[in-house]
Amino acid sequence: MSRNPSPAPKTGSVPRVSGLPRVAVIGSGSWGTTFGKVLADGGAHVVMWARRAEVAHEIQAGHRNSQYLPGINLPRTMSGTSHLSEALDGADQVYLAISSQALRQNLKAVRPLIAGSDVPIVSLMKGVEKRTGLRMSQVIEQELHCDPARIAVASGPNLALEIAREQPTAAVISSSSQETAEAVARRARNAYFRTFVNTDVIGTEFGGVLKNLIAVAIGIVDGVGYGENTKASIITRGLVEMTDFAVAQGAQHETLQGLAGLGDLIATCQSPLSRNNTAGRLLGQGYSFQDVVKQMDQTAEGLASVAPILQLAREAGVSMPIVEQVKMVLDGAMDPRHIAPHLTTDDDQPTGERTQNDQGGSGGALRRSLQRAFDQLRNGRGSAGRARP
């Protein structure tokens, strides 16, 4: 994804398909294209914007995106263009699937093209801006100068290739406006993709960000060769770290037990389709951070999010020992083989298992969530292997 797209002049705009609502998806990587397919299969005419003209042409003429979704046929109600103006022209909703670190610069080109519009803007991204620590919805609000009530975020256990193969799953759509969340959820659903709604934007976004960091840790210990006990311990304690952090930032505890937290954590940690898991596995096998970045065809958002998340955690007084050790591995300050023995504390003082924010009956809910995670990991181990492309 280019950091400096320019809104090229129209060269013959993409025609509207009669009778269908028109939506734009900005970004044609695996997740953007997959979500475009979700929207098209739900009854919309989807115009995909791709930075590279050849990708746009393949989507437009061949109804394929062979680089990012090999073997997947796209609906004929999906169009492709390399011109932002064509993608956004007449769109009823706009979906953003851009690398989190490139979002701000991309939005500078989007802003004049939607000036005066009140259409919903939906973030499909799971990262925080490295320089500022801002969530993607906050960057969108700043750069597009729009009412937060127009902004929605989508998150959940959503591995792109599985969804592109129409394997059933669910996601949560969150907005500070219940009306916006419901409008987007109605559009982004079909026979194999179910959407739920909430108004906890902070929890939904941070759930999608934080699970990437735990998935990198899981990948590291997998690359080293450690087994299921180690991974289960990291997932369990990782969910505690995620919950403590998100609640300290203003999230609702329950959101981290839902699709954007626990659900996404399970999918990302157990699947070889996860880019963050893959990046961690390469680190565990001894590759340097620079080598891992070179080998990855697409962005592993967790790698860029580690430092800003830890900065926010320190400012909030939240302990995140697993994420701290991921950073040490990324920095070359810790041998990957040493990440597992120091999962929770640097001293011998016994600590409680519950989150820092557990009160009343919430601890029981968290324990039930963790039990569900173990059950799904045990039952899903074989199917994860079959999902390998």
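The values are calculated or read from the model by the stated rules, or taken from the named source; none is laboratory data. Just so it is clear, the structure is predicted and the values come from calculations on it, not from any experiment. As a convention, Cβ positions derive from the backbone with ideal geometry for all residues, glycine included, and neighbour counts pool all protein chains shown.
Among Val293, Val306, Val318, Val326, which is touching a Leu at 6+ places or on another chain (Cβ under 9 Å), under 23 Å from His253 (Cβ atoms) and modelled with pLDDT of 55 or more? Can you show your working first?
On the way: Val293 fails: under 23 Å from His253 (Cβ atoms); Val306 fails: under 23 Å from His253 (Cβ atoms); Val326 fails: under 23 Å from His253 (Cβ atoms).
Answer to the selection: Val318.
So, in the range 246-269, exactly how many residues are surrounded by fewer than 23 Cβ atoms within 10 Å (Cβ to Cβ) and closer than 22 Å to Ile163 by Cβ?
Residues that pass the stated criteria total 2.
Criterion first (over 17 Å from the mean Cα position of the chain (by Cα), assigned to a helix (DSSP H, G or I) and of a type in the set (Gly, Ala, Ser)) does Ala313 satisfy it?
yes
Find the strands (runs of 3 or more DSSP E) located wholly in the range 74-146 whose residues include 2 or more that are modelled with pLDDT of 95 or more and either surrounded by fewer than 17 Cβ atoms within 10 Å (Cβ to Cβ) or not hydrophobic (A, V, I, L, M, F, W, C) (or both), and list them. Outline the logic, then answer.
On the way: elements: 78-81, 93-96, 121-123.
By residue number, 78-81, 93-96.
So, of the residues in the range 42-73 that are of a type in the set (S, T, N, Q) and assigned to a loop (DSSP other than H, G, I, E, B), which turns out to be farthest from the chain's Cα centre (by Cα)?
By that ranking, first place goes to Asn73.
Please enumerate the residues belonging to the range 317-335 that are under 22 Å from the mean Cα position of the chain (by Cα) and of a type in the set (Val, Ile, Thr).
Ile322, Val323, Val326
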